[in-house]
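Reading through the structure tokens given below for one structure.
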Ligand SMILES: Nc1ncnc2c1ncn2[C@@H]1O[C@H](COP(=O)(O)OP(=O)(O)O)[C@@H](O)[C@H]1O
Ligand SMILES: [Mg+2]
């Protein structure tokens, strides 16, 4: 007959009373492990956009090949300019790759996700939750350090929380485990992480694969180039045909949604010539393609007129972004009533001249406006950049808005 006892609010089932001490022991170990792992508790990542189906197929395939080939370096470095699509690729990998065992998306706008001190703790927790034995080993490391992991320097945290537990347990596994670190360059003082990242290549086994994305900074390149496989998302004059094809696919798909919704437009609108023109202007920058399409397809706007406005400029890539933002701000102002124009001017003006990044609540207090984010949402094609904080927005718009508001 089966028996059960309740210990510390947990039910322990057993058949034979000789099993009981062993079962109790297991349960106590488990609860001790969970207690120690609580020291690593961290916020979870927000959901991010993924690649439009049919785009970045080559990059995703190359990542998959690298992942399954244990003879290749255990680090893959994906580099590219801001807006080239690195985070979107990293999010797609996180969502679609079964071997995912941990993720950390650095993000300048969230204090917790730009602090280099949080990286190894966060990833250790992910690894611990995915593998019971590893969890025990990481919990032991915390017990030995009396959970004082935060007080240790970053390389020592890496050693205690990742290297030792993994080395103790896994030397012979052949199934790859994947860790994704996105936007290393958005980490404050990312230089502090470079020594441990480099040592990942030789301290950790081949099956523990690390995908790192960042801008093409020289010190990151100097650290990772010799120990990793590299994929570059080139933009501007160096843009690859493959990337241009992906951007073309993006435009074609988004225009097909526009023409389906607006029956006054021909189904093939705006046609291959205009699309190639836009692809050339984007020069591999997905962020430009996205903003341009959000601007063109903005509800209530004159779609054809908006496309003409965008096509009337000559710049490409980064230059074209400045001009695109100027159009967006200009058109947004045209459609507003006087009091709305005043609120938007004061909010944008404050963002532009602020020395430090501002939160929506700072703006509301400073200017006495009711809802700073909804005022900014009048610039809807670029307002997605403002959801969590206004810093990036401030940087990008500084030149554009300064001119428009007569601040310089
Ligand atoms: N493959 C893609 N499919 C659809 N949209 C994309 C794709 N790549 C990028 N984007 C769009 O471009 C924007 C900028 O890309 P992102 O991945 O954030 O660039 P990065 O991380 O290199 O700065 C994203 O918010 C997304 O809307
Ligand atoms: Mg990014």
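Side notes on the structure shown:
- What separates the Cα centres of region 64-86 and region 132-180 is a distance of 23 Å.
- For region 145-230: span of alpha carbons on each principal axis (Å, largest first): 35, 34, 18
- Between residue 68 and residue 221, the modelled labels are 3.2 nm apart [label points 7 Å from Cα along Cα→Cβ].
- Were the residues from residue 280 through residue 155 laid out at 0.36 nm apart, the gain over their Cα-Cα distance would be 40.6 nm.
- Binned Cα-Cα distance frequencies in region 42-133 - 10 Å width, integer %: 13, 43, 36, 7
- Legend: calculated FRET efficiency, residue 340 to residue 49, from the Cβ-Cβ distance at R0 = 41 Å, rounded to 0.05, equals 0.90.
- Approximate spin-label separation residue 174-residue 302, in nm, with each point projected 7 Å along Cα-to-Cβ: 6.7
Bear in mind that the values in this text are calculations on the coordinates, not laboratory data. A quick note: this is a predicted structure, and the numbers were derived from the prediction, not measured. Cβ atoms come from the backbone with ideal geometry, glycine included; neighbour counts cover every protein chain shown.
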